[in-house]
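Everything on this sheet refers to the single structure shown next.
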Amino acid sequence: MNNEKIKRYKISNPSSNRFLKITEDLYWARIPLPFRLDHVNVFAIKSIDGLVLIDTGINNEETKRSWDSILKNLPTKHEISKIIISHHHPDHIGLSKYLSEKLKVDVYTPKKELSRAKKIINLSDDEYGYLLSKSYKEFGFSENIIIKSKNRGNFYKGMIKELPKINDLQENFTIITKEGSWCARFDTGHSPSQLSLFDKERKLYLCFDFLLPRISPNISVGIEDNEFNILEEYYKYLNSISNDYTSDWIVIPGHEFPYYDPVKRAKNLIMHHNSRLNLILSKIKNTELTILDTMEILFDKVNNSHDIFFASCETKAHINYLLSANKIILDKSESVFKYLNNYRN
Ligand SMILES: [Zn+2]
C-alpha cells in the first residue's frame, strides 16, 4: 500500500456491504455502530487454509444485514475457515454467535478476553446494577445518577445477547498467506489482552483499538475490578511500540482509517496521558477531589449514561496510576472517596 492509497482511504468511506482489498491478502469492511464511535472495521485475511474473518460488530439487525451482504459478495472463492475476535468489547465480539452458526466455523479469542467476556455477560441485571452503582457512589455521583445506574441493567449483554462457544487463541498464533505471515501479539490497556497482528516483512500492523489514528482509545477500569492500574499497562504497550516498529510501518486500526507511523502515534498518546495526569496533579494541589470532580476537569461534555460510564471509569484509571505512583493519597473516611496531594512526596 503506498502513500497515495492511504490518502484515498482517508477520504473514501469503506463499504458496509462488501470487503475492500487493502493488500493482496487483507480485506476491510466497515460495520455501522449506533453510537458516537460511528462504526467498527472488520477484516478478512486470505490464508493458505481459507479465509479468516476478524471481528464482527454488535448484535443488531443492521449488523446482520451488513454481514449477509458482505458474505454474499465475498471477493474470493476461498472457504471461510474461522472467526477470530480481537477483544471482548461488544463492537468486536457482538455478532460472533450469529456468524459462527451461519458459517459453521469456530471462533477464537485470547484467553483473558474470553474470561472477561464471560464474567461480564453472566452478570444478571441486578448484579450489574449493583456493581455499577457501588462504583458511582464511591465516585461521588448524585443520588439520581446512582439510582439510574442501578436500573440500567447489563448493557454489555444487551449488545451481544449470547456468546457462542469460543476457543482460546494460542500465544504463537500466526496466519500464513501467499504474500506473508501475520503474527499475533497480546497487549493490556484498552482491554485485558487484545490480539493484534503484524507482518514484519511488509511492515503492516493490524492494531485494532490500541493505536487509533485520531481518538485516544478508552483506558478504563472495569466495574468488577476498579482498583487495577490499567493505565500503567497501556503505557508499557505504548513504550514498546518504538522498539517493535519503525516510522515507515502502516497501521490498520479497528476504527477509522489506515495511517503511517505507529511510533509517532504512540508518542502522541503518551503525551496525551501525561498531560492529563499533570492536569489532575495541578488541580489536586490545593484541594481534595472526588472522581466526579476529576472527571469534570478532564472531560468537557459528559451528557448521557454512556459518556458518564466511559469518562468516569477512564478518570478512575488515571487516579489509580497516580495512587500507585504515590503522587496522591486516598481519604476513605467518608462513603465518597476523596483524593488528595501526597505531601510526603
Ligand atoms: Zn474496544
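Volume per residue of the convex hull around the Cα atoms, evaluated for the range 84-156, comes out as 98 Å³. Once the Cα atoms are used to define both axes, helix 230-244 deviates from the longest principal axis of the chain by about 40 degrees. Excluding same-chain neighbours fewer than eight residues apart, the aspartates and glutamates reachable from K64 by a Cα-Cα span under 16 Å are D55, D91, E101, E162. Between I297 and S275, the contour length at 0.36 nm per residue exceeds the alpha carbon distance by 6.7 nm.
With a threshold of 23 Å on the Cα-Cα distance, the over-threshold entries among K72/K97; K46/K200; K118/K301 are K118/K301. Just going by the charge dipole of the range 1-152, with Lys and Arg at +1 and Asp and Glu at -1 on Cβ, which of Y27, I93, N151 is farthest out on the positive end? Positive-most Cα among the choices belongs to Y27.
Dividing the radius of gyration of the alpha carbons in the chain by their Kirkwood radius gives 0.98 for Rg/Rh.
Taking the DSSP bridge list for the range 75-229 and keeping only pairs wholly inside it, about 65 percent are antiparallel. Looking at the chain, the DSSP beta bridges with both ends there are about 70 percent antiparallel.
Phi angles across the range 167-180 convert, under the Karplus curve 6.51 cos²θ - 1.76 cosθ + 1.60 with θ = phi - 60°, into 3J(HN,Hα) values of 9, 6, 8, 6, 4, 9, 4, 9, 10, 8, 10, 5, 8, x Hz, Gly and Pro given as x.
Lysines near K285 by alpha-carbon distance under 16 Å, same-chain residues fewer than 8 away left out - which ones? Excluding near neighbours in sequence, the set is K327, K338.
We did not get these values from a lab; they are worked out from the coordinates using the rules stated. Everything numeric in this text was worked out from a predicted model, so none of it was measured. Because the Cβ atoms are built from the backbone with ideal geometry, glycine has one as well, and the counts that use them run over all protein chains shown.
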